[in-house]
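> A single structure is presented below for examination.
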């Protein structure tokens, strides 16, 4: 009986991680689609990516990576920078929108966790049992997954957002020198992730804890 309870709990937590990963990927990719569309590119709309339906933004392999290693990715949004009203500005804003949305999502999770923690401490909220454990696990997964995705997305390497962000800032004549080894860099990067899945968590978990602590301090000021 105890074995079945443990198995059920493990499966529930795994399911929670999958749900968290789907939401994180969807928010990140929707931000890309929305900003690209606002900058004059209709490709995201034609590709049905201007949707809050998370399943339109999920990449199965990226989701599995996220659940297994804490880092993953969504289905890349197809864009055409030549359609932007301002190509340079549009490229940079479209690139930065995903990481920024992920950071905002992480901050939101931190504030929800702060409210739960404070109200529980003050006896205003009786938050116990499996439902409480699962909700906390979900919020923390979303927070960490979002920070991981935001951090990695800023790396100046295809297919990550950093390629668009930094590429928009670097003069075209110098781009080839910097980005000519993208394929090799990506292969090495994914190999490192598979061999050391906690590599990004060693950075983002302290950041997540700091974000939660900061959120708790801010909430304390207003309640």
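> Does residue 62 meet the test of being closer than 22 Å to residue 201 by Cα, surrounded by 22 or more Cβ atoms within 10 Å (Cβ to Cβ) and in contact with a helix residue (DSSP H, G or I) (Cβ under 8 Å, 6 or more places away or on another chain)?
Working: closer than 22 Å to residue 201 by Cα: yes; surrounded by 22 or more Cβ atoms within 10 Å (Cβ to Cβ): no; in contact with a helix residue (DSSP H, G or I) (Cβ under 8 Å, 6 or more places away or on another chain): yes.
Answer is no for this residue.
> Return yes or no: is residue 13 surrounded by 14 or more Cβ atoms within 10 Å (Cβ to Cβ) and part of a helix (DSSP H, G or I)? Full working, then the answer.
Working: surrounded by 14 or more Cβ atoms within 10 Å (Cβ to Cβ): yes; part of a helix (DSSP H, G or I): yes.
Considered against the rule, which asks whether it is surrounded by 14 or more Cβ atoms within 10 Å (Cβ to Cβ) and part of a helix (DSSP H, G or I), residue 13 comes out as yes.
> Scan the range 70-84 and report the pairs whose first residue is on the phi > 0 side of the Ramachandran plot and crowded, with 23+ Cβ neighbours inside 10 Å and whose second residue is at pLDDT 85 or above and assigned to a helix (DSSP H, G or I), with Cβ atoms within less than 8 Å and a gap of 6+ or a chain change.
Sorted first by the residue in the range 70-84, then by its partner, the pairs are 70/144; 70/145; 70/148.
The values are calculated or read from the model by the stated rules, or taken from the named source; none is laboratory data. These numbers come from a predicted model, not from an experiment. Virtual Cβ from ideal backbone geometry, glycine too; neighbours counted across all protein chains shown.
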